[in-house]
Every structure is written in structure tokens, then in C-alpha cells.
Amino acid sequence: MISELKNRLPKRSRFLISILAIAGPGLIAANAGNDAGGIATYASAGAQFGDRTLFFMLLVTVALVIVQEMCARIGAYSGEGLGSLIREHFSIRQSSFALTLFTIANIGLVVSEFAGIAAALSLFHVSRFISIPIAAVVVWSLVVFGSYKRAEQLFLVLSLAFITYPIAAVLSHPNLGQVSSNLVIPHFVFSKDFLLLGVALIGTTITPYMQFYLAGAITDKGVGPAEYPKERRGTIIGSILANLVSIFIIVATAAAITKRAPLTSATDAAQALKPVAGKFAAQLFGIGLLGASALAAAIVPLSTAYAVSEAIGSERSVSKTFREAPIFISLFTFQIIVGATVALIPGNLIKTLINTQVLNGIITPIILIYILKLANSKNVLGDAANGLVFKTIATICIAAIGALSLIVTINTVSGWLGLSI
Amino acid sequence: MVHKFHLPSKRKKEPRLKELRGSLISLAGVIGRKVINQEGQELGTVSDLVCHWDNNDTYPPLTGIILRLSRRKVWLSISSIEKITPTKVLLNSAKFDLREFKPRSGEVRLSKDVLDHQLIDVDGARVVRASDLYIASINDQVRLVGVDIGFKPLLRRLGPNSLRVRAIPDSVIDWATIQSFGGDNENNNHQLKLSSSRQELRRMRPGEIADLLEDLGRNERQELLNSLTPALAADALEEMEPKELEGLLRESSVAEGANYLSNMEPDEAADALRDLDDDLRRNLLKKIPKNIARQIKKVLDYEEETAGGIMTTALLIAKGSDNVKSVKQMLISGNDDAASLSAVVIVNKDGKLLYDLPLSNLVTADDNVKLKQLMKPPSTVTVDPEASLKEVAELLIESRATSIVVADSSEKPLGRILADDLLDVLLPKERFHFPRLLSS
């Protein structure tokens, strides 16, 4: 049927369908992981530094694969979510520290999702003072009144607009020699901006929320040691595909925007889709951004609420009414309110989007230490615990991410104190 | 879900804990405290308390403590302990044989294995997480008597150590109504055993157990399932959310999964199998006893939302020439699930359906009467296996019966749909789940 359909379509769309047929399901899943912050950060990387961040993205991909594999393994072999495992295997102080940081990182993400919704609708000339409150009420009601599942399908379809990025990247005729040399050979820029963006790229790619999500999803599916090899393949391919999409976003934006400066508006970011959508690039970008943001605006606060409720020990698969699940609903509502309110504060939406990713990037290595400790523990994973080689590689990886975050943190804090380093 | 049934045990056991309230010692408070020998010298600090899990003990006795000596962890038996107070542990001699702690069978470390882990509050029919544990002396023996599931103990543990001196119990549950688990599987020891299985657990309703199974972690879930009788486990599984049940079947071994499924009603088993991967479904069906697997496959052949997809294939079939007595014998000796037998299907010698005889008509008849003498108009209505659920519902209402026979085009009976099977699929589940994850 696909081939039949293909022949009736213009050449450009035929190419799209071939790509979809090959990469299909994996790509869709990978694409769903690209939320508002992700799109903004990758696009900004392309705009500001051209293809220079590509080698860095390659390193981030390696780190992502290592981290996601550990999370999947923890989920499959322990059968428990990270929230509950942290509570059981760390002291109460360490647990509350981890979960507080996780909550802060996620609230940052919720802010970015609402900022994403506002940025998307600004392309359709809707003021954020209208779009954000409405979005907050809609997302909250969809989840609390139980009709979220259906809405989720819609958001997913909308976010598919971003699958056009790889095509846009190809059609923009990037300098292939330059792209591949940037991909293989480091072209780091030794500046504060590059460092900050690097941490934002880490934060948006290796998000604490994705780690909790993955372990939880695998546990929920009932994937055990027997099915793990298959699941592991899926996880690794998924991680690589997700970053492939990110790399295409960077390349497409780098080709479309030639003035090397930080991205400041969604209209600019949308230029990258011009080769595919022509004068409707802004609309296509807006639709994708709306879908991706709305999707994550519900899932991120839900994942916080699950992890925290799980760790506190209030019922996990909670029931509907406030009385039966007070902690869960309060946590969820709190995040939506804070996220929407902060996103309403006047300021540049794209900057907000990227700053929340920096926050995630700073918190990520701390959460990763917990994950590494769990994955190293024979007590948790038995024979599936990290071996010496894996342990060494993972430790180096996390230490490198930690060092980067630390530099950015020190830099930022000293900036506040009026010192310059 | 509101649980209306309360177990009778509740009132009986509560006063016990109340009596002890004044003398409760908090586990979280005593961890890290000094251990002092008879001469007043400090040996080290408390690393953990060890209890013995036993079926006969409502309140597990303390068998000793784990002492932290600089970097070593050594074992001190209860016999060498003079007294445990909220702030210190006093020993009854000055010299000890200090050996590394090695867990013996049945022994559980309270701080490592129980505190912060999941437990079942049998009375409340819910899964809880221990935020503190309380020990007390009962008849000169120190025992684990209660668990705190409140939020305040957590805050207390977060704060500085000095705050933990006086533990104020928050929401304490009597240990007598707690079902605990066997602890971590150290050294990849997956031998699971429910520490001491409470009688009350077996008196819970299948729906309540299903809720518990959904809320527990994987190891705990498997432990709980293993402690139930196969019949009760099967009943509870039938009550689980389809997605949760699929997950459970995936995480169980094929042998266990097949065992659960063969104890379930064929229609429920088919429902659970429907959405599994082809490989797993095939492997499970292979391990299920042939006669049961055949029944399940029959249901699996039909679409989910049709009469065939929800029917149970357990039928009681008799001939018109059989007498009432012989059918009653069949009923008594048959080990089929009685709930699904609301009527007897009477067939002719070719196996074609003649009449569906309600059990109420059967039990009131004389033993010597032949079944065909009980066949009275109106004639039996049957439904096609491909019929929609709406049609089934309409036919059931029309015939004013509690069940309806599913028969193929040649009138051979295939199965039966009970009114409650239909209600199960037509009414949305009472329990609402927040969407957990993306399309999972």
C-alpha cells in the first residue's frame, strides 16, 4: 500500500515516506523524546556554532547509550522504579537529596514545556498571557479527569512535524565535508558560551527525567532478565536514533541561519524547516513545537509525581480522587502551577528554554552518580551488576559530565557574586 | 476503590500495641547509637538490628545486633545484650567473641531489609513503606512490634541526630497485621519466600489482592503470589488490570505463568494472553495442560469484542436420556469452577444443543427424572460466536437468563457467557490509573 501511495505523490514526499518506512517506529519514539527544550537547544547550537558542536554530540551520544543501558538494566533486573530503589538503597538523607534535585530539574522542564507552548503559539500570533494559562488548565484537566490518553495521540501526531528535520537537513545541501569533519574531529570553541551550551546539550539529551522514565517503563512492561537482551538492543538503537534526529536539527539550523549568534526567537528557529515547508516553515515548526511541548508538559510532572510518591510510599498506582491520592495530585498540580507561572514572567522564551536545560545539565551528573551506584551494586542487580570495564567507562563518562557542570556552576555563581573567572 | 470489608482481626490485636506505646523504641533512633560494655567502655555503634522471621511468631524476636567497629561489622547475639534504650545499647559483659555478621536463614536485618521497603498492611489492604520500625519488650523478650508509615518519622530521620532521641510514633500499624517480605536477594539468590505468611492474607478478597499485586515491586509481587493457593492467586490475577497482568506474565517464568493461567477461567486466561508477544504466548500455551490449553485456544480464535472472545469454554454437557441424579453426580465430582456452571447444556447424540437447563430447575427435580422431561418451552436462545457484545447483551435481557450459550452455525455448543463476564467488559474498570508513561 505504501508503494502505491508513493507513486501518486510528488518526488519530495516520496522520499519522506521511504525514510518513514525504514526508520518508522524507532524514529517516532526517538522524536517523542525531543521536547521543547531539546528542539530549542539543538537549534540554538546550530545557529550559534554551526556544525562545531557535532563532535560534542557524538560524545554525548556515547554517554547517553551508557546511561540509558544502565537504567534499562536496572529496570529489567530489579523490577522497580528508580524512586523506590533510591529510597531502599540509600540513606533517607541521600534519597531526599536526589529526589529534591530531580523535582527541581523537572520543574525546570515543566517551565520549558510551557515556554515551548507559548513560543509555538506565538508563531500563530497568540499572546503567552492567553496561551499559557489555557494550556495549563487543559493539560491539568486532561490528566486529572482521565482523558489524557486520547489527547496524547494527538500531541504525538503534531510532534511528528519534527520528523521533517532530517529531510530539511538533506535539502539544505549542507557542506558534507564540513559536517563530517566536525562530526569526527573536535572543533571546540573555548568560550563561556560554548561551555554553557555544552552543558545545556548534555542536560537536554541525558535528562534525569528520561532515566526515571525508562526504568519505570521497563518495569511496567514486566521486562525481565529473559527479555532484557532484546530490550537492550531497542534502548541502544533508540538512544542513537534520538541523537541522530538532534544532529539533523543542528545541521539543518546551521545551514539555514548563517549569522552565528544565539537563537532568540521561534521564528528564527523555524527557518531551518524552509527547505521542506517553504513559506509555511513557521507554521510547521509551530505545530511540531506545540505537540512536543504539550506531550512533555503532562509527562514530566507525572513522572516527578510517580517517583516521589513511590519513594514516600504513598500508593503508586493511585486512584482518582484527591482524597485517595493527595500527595500525587498535589505534586502534579504544584508543578503545573509553578511551571506555567514562571513561563509567564516576561522575558525571552527561547532563552528560558535553554536555561532550563542548563539547570538539567547541572543536576544530571548528581543523579547519574546514584544510577551508577545502583548499577554497580550486586545487591540490586546480582550478576547483572556493572563489571569492572563497564564500571570504569561509566565512571569516566559521569566524571567528565560532572566536571563540565561544575565549571559552569562555579562560573555562574561567581558571576552572581561579581567575580569573573 | 473503597474496601468495605474489614477483617475481624483488627479490633482484637490493636490494644496490644497501645499497651506498649510508652516503651516503644524507634529503630531509626537507635541506629548509630553507642554500644557500651559492662565496664562502661564504648565498643562501637549500632549498625543494624536483626530479627528472626518465623511463622509462629506474631512479633518477630530480636536475635542480635550488628555492631559497627570502625570499618568492620560484627555480630552480637541477643544473649550478650543487657538492655536496649532509645539512646544506647548496654552489654552484659566486657569481653566478646567478635565475628563478622553472616545472615542465617530466617534472619532479617531491620534497617537494611525492612526499613524503607514495601510491606502489606493486611487490615487496610494496601501496600505501605516503612518509615520507622518500633521494638519493645514483651515478656522479657525484645520483639518487633510495629511499623510507622507516617511522614513525620521521615522528617525526623532527615534532621540532626539529636532530634531522634525521642521518637514520637505517628501512624503506627501493629506488626500483627503486617505482611512482610524475605528481604533482598543478595548474591543473586532469587529464592523467594514470604517471611511469615499471615492467615488474614488468605481471607482477603481477590480484588484486594489484585490491587496489592499492582502496587508491589517485582520481587515482593512474586513472593506474595507464591504464598497464595493457586486458586486464590488465579482469582486475584483475574481481577488485575489487563496491562498489569500482561507485565506480570512477562516477568514470571514460563512455568509459573502457565501455572497461573491454567488455574484461571479459560476466557480470562485468553484475555491475558491476547496481547502478549507471539513467542511468549506460544511458550505459555505449550506449558499449560493440553485440555485447558485447548479451551483457551478456542476463545483466542475469536476477536476480543465478540461473544466468542469473552465466553468461558467450561461447559457442563449432558444428554436428554441422562437422569437428574447422574448430572448431580457430575456436578459434585467435577472440579470445574462452580461459578461458571449456571446451567446444564443438554445435547443430542450428534452433540447438537437441545436445551439449556438452569441449575435451579435441576436441583428441584426428582433424582429419577430424565433430563428431556425437564425441557420446557420457550426453547433455548443461543448466540453466534461472532456476535457483538451489544447483541449478546440484548439477547440476555430478552431471555431473562443469567447466562447464554454460545453455539456455532450447526448448533454445537462452544461456550457460555455469564452476565458478569459481560458486565466486566461493558463497564469501565472502577480503578482509575493515571497515565503513567507514553503509550505504555
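So for each of B:107-114, A:381-388, B:224-231, A:295-302 I average, over its residues, the number of other beta carbons within 10 Å; can you give me the resulting order with the highest mean first?
Put in order of decreasing packing, that is A:295-302, B:107-114, B:224-231, A:381-388.
How well do other chains shield peptide B:127-134, expressed as the mean number of their Cβ atoms within 10 Å of each residue Cβ?
3
In debye to the nearest 20, how big a dipole does the protein assembly as shown give about its Cα centre with +1 on each Lys and Arg Cβ and -1 on each Asp and Glu Cβ?
Dipole magnitude for the protein assembly as shown comes out near 2180 debye.
Based on the Cα atoms of chain A, what semi-axes does the equivalent ellipsoid have, where each is the square root of 5 times one gyration tensor eigenvalue, given in whole Å with the largest first?
Listed largest to smallest, the semi-axes of chain A are 31, 25, 24 Å.
Rounded to whole Å, give me the distance from the Cα center of the stretch A:126-163 to that of the stretch B:288-310.
40
Using 0.36 nm times the number of residues separating B:Ile397 and B:Lys352, minus their current alpha carbon distance, what extension gain do you get?
Roughly 13.8 nm would be gained on extension.
As I understand it, the dipole of chain B uses +1 on the Cβ of Lys and Arg and -1 on the Cβ of Asp and Glu, about the Cα centre. Which of B:Ser47, B:Ile310, B:Leu285 lies farthest toward its positive end?
Value computed over the given set: B:Ser47.
Along the positive direction of the dipole of the stretch A:254-317 (beta-carbon charges: Lys, Arg +1; Asp, Glu -1; about the Cα centre), which of A:Ala298, A:Gln283, A:Ser309 reaches farthest?
A:Gln283
Please list, by residue number, every one of the chymotrypsin sites (Phe, Trp or Tyr not before Pro) in the stretch A:42-144 that is coil in DSSP and has at most 12 other beta-carbon atoms within 10 Å.
A:Phe124
Residue-wise, which Karplus ³J(HN,Hα) couplings in Hz belong to the stretch A:329-346, taking 6.51 cos²θ - 1.76 cosθ + 1.60, θ = phi - 60°, and x for glycine or proline?
Each residue's phi maps through the Karplus curve to give 5, 4, 4, 4, 4, 4, 5, 5, 5, 4, x, 5, 5, 5, 5, 6, 4, x Hz.
What FRET efficiency, computed as 1/(1 + (r/R0)^6) with R0 = 22 Å and r the Cβ-Cβ distance, is obtained for A:Thr341 and A:Phe124, rounded to the nearest 0.05?
Computed FRET efficiency for A:Thr341 and A:Phe124: 0.45.
Using the Cα atoms of chain B, I'd like the radius of gyration and the largest Cα-Cα distance, Dmax, both in angstrom.
28.7, 95
Collect residues whose amide H, placed 1.01 Å from N in the peptide plane, falls under 5 Å from the amide H of B:Leu67; neighbours closer than 5 in sequence don't count.
B:Ser47, B:Val74, B:Trp75, B:Leu76
Sorted from fewest to most neighbouring beta carbons within 10 Å, what does the list B:Lys83, A:Lys274, B:Lys297 look like?
Listing B:Lys83, A:Lys274, B:Lys297 from fewest to most nearby Cβ atoms yields B:Lys83, B:Lys297, A:Lys274.
May I ask for the equivalent-ellipsoid semi-axes of the stretch A:347-421, computed as the square root of five times each C-alpha gyration tensor eigenvalue and listed largest first in whole Å?
Rounded to whole Å, the semi-axes are 33, 14, 9.
Based on DSSP H runs of at least 4 residues, each adding -39500 (n - 2.57), what is the mean residue ellipticity at 222 nm of chain A after dividing by all its residues, to the nearest 500 deg cm²/dmol?
It comes out at -26000 deg cm²/dmol, rounded to the nearest 500.
Would you kindly derive the ³J(HN,Hα) couplings of the stretch A:387-400 from the backbone phi angles with the Karplus curve 6.51 cos²θ - 1.76 cosθ + 1.60 (θ = phi - 60°), listing them in order in whole Hz, with x for Gly and Pro?
For the stretch A:387-400, the Karplus curve yields x, 4, 5, 4, 4, 5, 4, 4, 5, 4, 4, 5, 4, 5 Hz.
Return the equivalent ellipsoid semi-axes of the stretch B:317-426 as a descending list in whole Å, where each equals the square root of 5 times an eigenvalue of the C-alpha gyration tensor.
Each semi-axis is the square root of five times an eigenvalue, giving 24, 15, 13 Å.
What list of ³J(HN,Hα) values in whole Hz, one per residue of the stretch A:122-139 in order, does the Karplus curve 6.51 cos²θ - 1.76 cosθ + 1.60 (θ = phi - 60°) give from phi, with Gly and Pro shown as x?
The phi angles translate into 5, 5, 9, 6, 9, 5, 5, 6, 9, 5, 5, x, 5, 4, 4, 5, 5, 4 Hz.
How fast does the protein assembly as shown diffuse by Stokes-Einstein, in µm²/s, taking the Kirkwood radius from C-alpha pairs at 4 °C and 1.567 mPa s?
The estimated diffusion coefficient comes to 42 µm²/s.
Just to be sure I follow: if Rg is taken over the C-alpha atoms of the stretch B:204-301 and Rh is the Kirkwood radius over the same atoms, what is Rg/Rh?
That ratio is 0.93, to two decimals.
Give the long-range amide H neighbours of B:Leu354: residues separated by 5 or more places, or on another chain, with amide H under 5 Å away, using H modelled in the peptide plane at 1.01 Å from N.
Counting only residues 5 or more places away or on other chains, the set is B:Ile346, B:Val347, B:Asn348.
Using Cα-Cα distances under 8 Å and only pairs 6 or more residues apart, what relative contact order does chain A have, in percent?
After rounding, I find 35 percent.
Please compare each pair in B:Lys349/B:Lys390; B:Lys352/B:Lys376; A:Lys149/A:Lys279 to a cut-off of 23 Å on the Cα-Cα distance and tell me which ones are over it.
From the list (B:Lys349/B:Lys390; B:Lys352/B:Lys376; A:Lys149/A:Lys279), the Cα-Cα distance tops 23 Å for B:Lys349/B:Lys390; A:Lys149/A:Lys279.
Size of the dipole of chain A about the Cα centre, Lys and Arg at +1 and Asp and Glu at -1 on the beta carbon, nothing else charged, in debye to 20?
720
Can you grab the distance from the C-alpha centre of the stretch B:101-123 to the C-alpha centre of the stretch B:26-68, Å, no decimals?
Between the Cα centres of the stretch B:101-123 and the stretch B:26-68 lies a distance of 14 Å.
Please report, in whole Å, how far the alpha carbons of the stretch B:81-144 spread along each principal axis, starting with the longest.
That works out to 47, 26, 21 Å along the principal axes.
FYI, it's all coordinate maths here, none of it is from the lab. Treat the numbers as computed from the prediction; the structure is a model and nothing was measured. FYI the Cβ positions are ideal-geometry reconstructions off the backbone, even for glycines, and counts take in every protein chain you see.
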